[in-house]
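Some notes on the structure that comes next.
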Amino acid sequence: MGTIEALGHSEVFLEFEEHLSRVAPVNRPVLLIGERGTGKELAARRLHYLSTRWKGPLVTLNCSALTPSLIESELFGYERGAFTGAEKRRTGRFEAADGGTLFLDEIGSIPMEVQEKILRVVEYSTFERVGGSESVEVDVRIIAATNADLVALAEEGQFKQDLLDRLSFEVLFLPALRDRQEDILLLANHFAARMAFELGREEIPQFSDKAIAALEGYSWPGNVRELKNLVERAVYRSDSMLIEDIDFDPFRSPHGGHRPPKEEGRMVETGRPSIEYLMDKSLKEAVRELEIRLLQRTLQKTKYNQRKAAQALGLTYHQFRGLYRKYIEEIE
């Protein structure tokens with residue numbers, strides 16, 4: 001029940017699906033770029049199963065979930081005695097994915113020395129296990145994903161330019177939910193119906209006009225994953241088949257006084273925070289919210305090219321990077 005569905009009829013979503021379907025049969029690396037919750041792993045699965053490798057394995061590794069010292073052994077395996085505790089040979093993800101696809105999520109987290117070894121696999125289809133000298137041959141297609149600006153990281157020397165060139169045979173940008181306005185209610189109805197079925201309810205829930213307005217007026221920083229959680233929570237909490245109340249902040253205390261509602265996500269039709277809402281905030285809070293929204297919107301427009309975003313905002317690159325680092329958790 002944790003899958004983020006590839007469901008939608010908006011123009012931007014259909015364009016993305018068309019590009020994905022076109023590149024899927026081509027036996028070359030693909031780089032997926034998108035915000036959290038947009039469905040990068042689902043896109044990787046679709047690329048695999050629409051490819052000629054669909055009968056082979058699909059192996060996934062979230063690179064940000066591992067320490068730098070563990071990533072190399074996870075990817076390439078190790079020989080017996082390679083390090084303390086290595087009591088027998090272990091194969092890595094590349095060997096497990098032989099004949100299929102290896103999905104590297106959050107590839108920007110991989111340390112430079114491991115990037116060099118990945119580049120060798122991409123170029124020559126061979127590598128050595130950690131602690132070994134025997135050359136291992138594999139036939140693997142790499143699909144990588146990130147929400148980081150790999151171009152900027154490469155310019156700063158934090159990501160190998162040669163590897164970036166090799167991985168970016170095709171670059172697919174997953175659209176954020178706020179740019180898929182026509183899909184919000186479609187997805188909400190889908191998640192509501194499935195949750196009702198899971199709960200054993202016979203009727204399909206409906207959303208009131210007030211609830212629909214709230215759903216369509218929210219900026220969805222967590223994208224489809226956030227929408228799914230929110231709708232499922234609303235269905236299970238509701239005693240009626242008409243859902244009228246939408247709770248955007250499950251962390252809001254029922255006793256009050258601890259944490260304000262997550263209203264910074266609420267948007268008006270123009271896609272900007274309402275002036276009336278900002279008037280209720282302190283100057284510091286209002287400025288902070290505007291800076292976050294401007295960063296998010298500009299990054300989206302420039303397809304996460306930070307240099308272009310800096311130029312669009314009238315900032316130097318270093319000024320932009322300072323602002324980006326200040327709000328990186330809210331933006332990502």
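Restricting attention to the stretch 104-133, which residues are more than 29 Å from the chain's Cα centre (by Cα) and without any contact (Cβ under 8 Å) to a residue 12 or more places away in the chain?
124, 133
Consider the stretch 112-139. How many of its residues are part of a loop (DSSP other than H, G, I, E, B), in contact with a helix residue (DSSP H, G or I) (Cβ under 6 Å, 6 or more places away or on another chain) and closer than 26 Å to residue 54 by Cβ?
Residues flagged as part of a loop (DSSP other than H, G, I, E, B), in contact with a helix residue (DSSP H, G or I) (Cβ under 6 Å, 6 or more places away or on another chain) and closer than 26 Å to residue 54 by Cβ within the stretch 112-139 amount to 1.
Mind checking which residues of the stretch 20-42 are over 18 Å from residue 98 (Cα atoms), out of contact with any Gly (no Cβ under 8 Å at 6 or more places or on another chain) and surrounded by 15 or more Cβ atoms within 10 Å (Cβ to Cβ)?
Result: 20, 23, 31, 32, 33, 34, 35, 38, 39, 41, 42.
Which members of the stretch 134-154 meet the condition of being in contact with a Leu (Cβ under 8 Å, 6 or more places away or on another chain) and either free of Cβ contacts under 8 Å to residues at least 40 places away in the same chain or not assigned by TED's automatic domain parsing to the domain that holds residue 67 (or both)?
Answer for the stretch 134-154, where residues must be in contact with a Leu (Cβ under 8 Å, 6 or more places away or on another chain) and either free of Cβ contacts under 8 Å to residues at least 40 places away in the same chain or not assigned by TED's automatic domain parsing to the domain that holds residue 67 (or both): just 154.
Taking the stated definitions as given, is residue 31 under 18 Å from residue 148 (Cβ atoms) and modelled with pLDDT of 95 or more?
Here the answer is yes, as residue 31 does meet what is asked.
One line per residue, one yes/no per condition, for (1) surrounded by fewer than 19 Cβ atoms within 10 Å (Cβ to Cβ); (2) farther than 16 Å from residue 160 by Cβ; (3) in contact with a Lys or Arg (Cβ under 6 Å, 6 or more places away or on another chain):
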position	(1), (2), (3)
111	yes, no, no
116	yes, no, no
120	yes, no, no
125	yes, yes, no
128	yes, yes, no
133	yes, yes, no
140	no, yes, no
143	no, yes, no
149	no, no, no
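What's the total number of residues in the stretch 85-102 that are under 14 Å from residue 139 (Cα atoms) and not hydroxyl-bearing (Ser, Thr, Tyr)?
10
Those residues that are among the small types (Gly, Ala, Ser) and either closer than 15 Å to residue 299 by Cβ or part of a loop (DSSP other than H, G, I, E, B) (or both), I need them from the stretch 145-175; list them, please.
148, 152, 157, 168
Being among the aliphatic types (A, V, I, L, M) and assigned to a helix (DSSP H, G or I) is the filter; apply it to the stretch 67-84 and report the residue that is farthest from residue 174 (Cα to Cα).
70
Can you name the residue in the stretch 279-326 that is surrounded by 15 or more Cβ atoms within 10 Å (Cβ to Cβ) and not in a helix (DSSP H, G or I) and, of all such residues, is modelled with the highest pLDDT?
313
In the stretch 67-84, which residue that is under 23 Å from residue 141 (Cα atoms) and free of Cβ contacts under 8 Å to residues at least 40 places away in the same chain is surrounded by the fewest Cβ atoms within 10 Å (Cβ to Cβ)?
Per the criteria, the residue is 70.
Please go through the stretch 51-66 and give me each residue that is surrounded by fewer than 18 Cβ atoms within 10 Å (Cβ to Cβ) and part of a loop (DSSP other than H, G, I, E, B), ordered by number.
Selection gives 52, 54, 55, 56, 57, 66.
Please identify the pairs in which a residue from the stretch 11-22 that is more than 15 Å from residue 34 (Cα to Cα) has its Cβ atom under 9 Å from the Cβ atom of a residue that is surrounded by fewer than 14 Cβ atoms within 10 Å (Cβ to Cβ), counting only partners at least 6 apart or on another chain.
Every condition considered, the pairs that remain are 11/182.
Kindly establish whether residue 87 is part of a loop (DSSP other than H, G, I, E, B), in the same structural domain as residue 146 (by TED's automatic domain parsing) and either touching a Ser or Thr at 6+ places or on another chain (Cβ under 8 Å) or surrounded by fewer than 20 Cβ atoms within 10 Å (Cβ to Cβ) (or both).
yes
Just name the residue that is surrounded by the most Cβ atoms within 10 Å (Cβ to Cβ) out of those in the stretch 201-238 that are of a type in the set (S, T, N, Q) and over 29 Å from residue 296 (Cβ atoms).
Out of the qualifying residues, it is 238.
Among what's in the stretch 232-270 and is within 27 Å of the chain's Cα centre (by Cα), over 20 Å from residue 213 (Cβ atoms) and not charged (D, E, K, R), pick the residue that is modelled with the highest pLDDT.
Only one residue fits best here, namely 236.
The values are calculated or read from the model by the stated rules, or taken from the named source; none is laboratory data. Please read all numbers here as calculations on a predicted model, not as lab measurements. Backbone-built Cβ (ideal geometry, glycine too); neighbour counts: all protein chains shown.
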